[in-house]
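S.K.: If you scroll down you'll find the structure; I have some questions about it.
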Amino acid sequence: ALEMHAGNAAVAQEGCAAILLLATWGSDGRYEQLMRAGATARIMAALEMHAGNAAVAQRGCTATAYLGRGSDGRCEQLMRAGATARIMAALEMHAGNADVAEGCCMAIASLGRGSDGRCEQLMRAGATARIMAALEMHAGNAGVAEGGCAA
């Protein structure tokens, strides 16, 4: 559905939500199955095509966080697919949305964990400044604080 109806923001939102749900309660086998099925490409396409849609940004970035968690290989695949640029764009475009900020901070934390190289790539892309801005803008939001501090 995500591929066939790529131009439909509601489909993109729900498709990213479905991947997020599967990844949230996933085992390593389920993560790998999602990756082999093209979850990375579909999330990145949804984030690019519907960059102005906060719900797509929130669900896509949060799904990215869960897909990458605990696996250098999955993080590398997500980074090669353009996750860094998509996350930074979402944080910039939807700076005032706490749900998007939380999802983006979670994704940055997940992708950067365990790799100096990935951390450097995220920092060069402006992650530090965007995380600090999100923490300041959403100072009263525990989810943003948790995601930002984890990153």
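S.K.: So if R0 is 22 Å, what FRET efficiency would residue 85 and residue 136 give, r being the distance between their Cβ atoms, rounded to the nearest 0.05?
M.R.: FRET efficiency, residue 85 to residue 136: 0.45.
S.K.: Between residue 72 and residue 120, what length in nm is gained on full extension when 0.36 nm per residue of separation is reduced by their alpha carbon distance?
M.R.: 15.8 nm
S.K.: Return the tail of the calculated pair distribution for the range 9-150, meaning the percent of Cα-Cα pairs more than 27 Å apart.
M.R.: The calculated P(r) of the range 9-150 puts 10 percent of pairs beyond 27 Å.
S.K.: Moving on to the next point. Might you tell me the accessible area per residue for the chain, computed with a 1.4 Å probe and given in Å²?
M.R.: 48 Å²
S.K.: If you build a Gaussian network model of the chain, linking Cα atoms that sit under 10 Å apart, which residue out of 119, 104, 61 swings the most?
M.R.: Result: 119 has the largest fluctuation of those listed.
S.K.: Leaving out ligands, DNA and RNA, and with a 1.4 Å probe, what % of the accessible surface on the chain is carbon or sulfur?
M.R.: 54 percent
S.K.: How much net charge surrounds residue 58 when only other residues with a Cβ under 10 Å from its Cβ are counted (Lys, Arg +1; Asp, Glu -1)?
M.R.: It works out to a net charge of -1.
S.K.: Calculate, in nm to one decimal, what residue 146 and residue 129 gain on full extension: separation in residues at 0.36 nm each, minus their alpha carbon distance.
M.R.: Here the answer is 4.5 nm.
The values are calculated or read from the model by the stated rules, or taken from the named source; none is laboratory data. Keep in mind the model is a prediction, meaning the values are calculated, not measured. A quick note on method: Cβ atoms are made from the backbone with ideal geometry, for glycine too, and the neighbour counts reach across all protein chains shown. Protein only, heavy atoms only, side chains kept; ligands, DNA and RNA dropped before computing areas. Shrake-Rupley method; radii C 1.70, N 1.55, O 1.52, S 1.80 Å.
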